[in-house]
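Student: Input: one structure, supplied below.
The values are calculated or read from the model by the stated rules, or taken from the named source; none is laboratory data. On a predicted model such as this, the values are computed, not experimentally measured, just so you know. Every residue, glycine among them, receives a Cβ derived from its backbone with ideal geometry; neighbour counts consider all protein chains shown.
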Amino acid sequence: MNNKVTTISISEDVKEKLEREKGDLSWDEFLLLLLSEYRKRKAEENLTRLKDILNEDDIKRIEESHKKMHEEFKL
């Protein structure tokens, strides 16, 4: 891991709330966990939006295309 350290300016109110949630985790651990959870949530939201846009036939065609691509690109 990179040993350089930086400072992020936030309000005292936000810092207090984050410190309560952080518990015994280091700031690095906590922020990486927060980022991971954020990315997971965004992916789930995007998947939900795709399901609203695509119909069952579209999803099947995508699955077939994905499977075919993996079969063709095996090393």
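Student: Looking for something surrounded by 10 or more Cβ atoms within 10 Å (Cβ to Cβ) and assigned to a helix (DSSP H, G or I) - is there at least one such residue anywhere in the range 6-13?
Tutor: As a first pass, look at the range 6-13 and keep what is surrounded by 10 or more Cβ atoms within 10 Å (Cβ to Cβ): 10.
Retained after the next criterion (residues that are assigned to a helix (DSSP H, G or I)): none.
Taking every residue of the range 6-13 in turn, none turns out to be surrounded by 10 or more Cβ atoms within 10 Å (Cβ to Cβ) and assigned to a helix (DSSP H, G or I).
Student: Okay, moving on. Of the residues GLU45, GLU16, GLU21, only one is modelled with pLDDT of 95 or more, over 22 Å from the mean Cα position of the chain (by Cα) and in a helix (DSSP H, G or I); which?
Tutor: Values: GLU45 fails: over 22 Å from the mean Cα position of the chain (by Cα); GLU21 fails: over 22 Å from the mean Cα position of the chain (by Cα).
Answer to the selection: GLU16.
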